[in-house]
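Notes for the one structure printed next.
The values are calculated or read from the model by the stated rules, or taken from the named source; none is laboratory data. In this text the structure is predicted, and so the values were computed from the model without any measurement. Cβ sites come from the backbone with ideal geometry, for glycine too, and all protein chains shown count toward neighbours.
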Amino acid sequence: MIRTAAIAVIGAAGAANAGIVSFSATGGHADATWSIIAPPTSVGSDDFNDRMLRGFAERQNITLDNDLILGGQRIAAGTTVNAFGIFWDPRSGTTIQGDIRFDTDILGVATTFSELAKTDPIAGLGSVTYKDPTLRGLESNRDSYAVAGDTLSIDFRASSPGDFIRVFTAVPTPGAVACLAAAGVGAVAIRRRR
């Protein structure tokens, strides 16, 4: 079963998660869902135990003091980035595949325990407890992802404690944010007309 859920960003109400534009499921468990959420109290070890893929804004407008190497990709010192947490925390083994689109290009993805631990101090939120189970991140023999511009394609197979990654994107220009908000208003208008 293929499901598509588009999340439009409209004005100030969506500003906290403005960088996550949409998710389109391409496969996986039939009852899996998707949601953009406010930052949770904690992530990393059985915090939700359901079949919902979640995304949330972490720190925004971070200017990197040092080069950041993630999966062999280098984000240069001095680059200003936005960070987003994406996690899949099912109770038992299940899968989800799909495409997550952001409002700007993806510069890097933290997918391993060490990359997540290394980026927690610069990208994590003080209001979120980032738990450190040994399986935090992706399992290289079970999970995969690919980046193409502003789109992250995922294929996650998880059980307890789930999969957690951090996505770093370019910071949008003010004109791009206005265009995105206008496109979101148009998408809602079209949806209501039908």
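Among the numbered conditions (1) surrounded by fewer than 22 Cβ atoms within 10 Å (Cβ to Cβ); (2) under 13 Å from the mean Cα position of the chain (by Cα); (3) among the basic types (K, R), the only one that R166 does not meet is (1).
This table checks each residue for (1) farther than 21 Å from S153 by Cα; (2) touching a residue at least 60 places away in the same chain (Cβ under 8 Å).
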| residue | (1), (2) |
| --- | --- |
| S24 | no, yes |
| H29 | no, yes |
| R51 | no, no |
| F56 | no, no |
| D67 | yes, no |
| T80 | yes, yes |
| A83 | no, yes |
| E115 | no, no |
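Just one residue in the set G78, G93 is touching a strand residue (DSSP E or B) at 6+ places or on another chain (Cβ under 9 Å) and at positive phi; that residue is G78.
Here region 156-188 is the region considered, the condition is being within 10 Å of W88 (Cα to Cα) and among the hydrophobic types (A, V, I, L, M, F, W, C), and the residue that is modelled with the highest pLDDT is I165. Counting only strands (runs of 3 or more DSSP E) that sit completely within region 56-153, those holding 2 or more residues that are at pLDDT below 95 and surrounded by 18 or more Cβ atoms within 10 Å (Cβ to Cβ) correspond to 80-88, 94-102. In the set I122, I96, only one residue is aliphatic (A, V, I, L, M) and within 18 Å of A57 (Cα to Cα); that residue is I122. Taking T94 as the residue in question, decide whether it is over 21 Å from A170 (Cβ atoms), touching a residue at least 60 places away in the same chain (Cβ under 8 Å) and among the β-branched types (V, I, T). In short, yes.
Looking at region 31-51, can you tell me whether even one residue there is among the basic types (K, R) and modelled with pLDDT under 85? Among the residues of region 31-51, at least one is among the basic types (K, R) and modelled with pLDDT under 85, which makes the answer yes.
State all residues of region 96-120 that are among the polar types (S, T, N, Q) and touching a strand residue (DSSP E or B) at 6+ places or on another chain (Cβ under 8 Å); if no residue qualifies, say none. Selection gives Q97, T104, T111, T119.
Taken as a whole, region 117-136 holds no residue that is more than 13 Å from the chain's Cα centre (by Cα) and closer than 23 Å to D31 by Cβ.
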